Amino acid sequence: MGIRARFEALELTHTSLEEKIESEMARPRPDDALLRRLKRRKLLIKDELEAIRLLIAAIGAEERSEGRVRRNSRTAREHALAATRTAPAAALAP
């Protein structure tokens, strides 16, 4: 799956979780444990979305500066990729 496709899939999942949270909160007696799980998943997805946004921005900046000498040994792309690895995949599973 390409990075943009992953981003779009995560956005859909984030929206779906938001709707589930709102629906559960509208109930007379919401399930607190379920709400905690949904909110945790939503936050993890939000973090991954932000990491992908940074990655896309880094790739764009890197492409614009192609041919220039980089001052750091680690590129912006490598920093952003490392950030996307912080959210464990198992935590995102339903």
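Quick test for you: out of E63, E24, pick the one residue that is of a type in the set (D, E) and surrounded by 14 or more Cβ atoms within 10 Å (Cβ to Cβ).
Checking each option against the conditions leaves just E24.
Could you list, in sequence order, all residues of the stretch 61-76 that are at pLDDT 65 or above and either among the basic types (K, R) or in a helix (DSSP H, G or I) (or both)?
Answer for the stretch 61-76, where residues must be at pLDDT 65 or above and either among the basic types (K, R) or in a helix (DSSP H, G or I) (or both): A61, E62, E63, R64.
For residues that are more than 18 Å from S16 (Cα to Cα) and surrounded by 14 or more Cβ atoms within 10 Å (Cβ to Cβ), scanning just the stretch 35-55, find the one that is modelled with the lowest pLDDT.
Per the criteria, the residue is L55.
Considering only the stretch 14-60, how many residues are assigned to a helix (DSSP H, G or I), charged (D, E, K, R) and more than 27 Å from G2 (Cβ to Cβ)?
6
The values are calculated or read from the model by the stated rules, or taken from the named source; none is laboratory data. Values in this document were obtained by computation on a predicted structure and should not be read as measured data. Please note: Cβ atoms are built from the backbone with ideal geometry, for glycine as well, and neighbour counts cover all protein chains shown.
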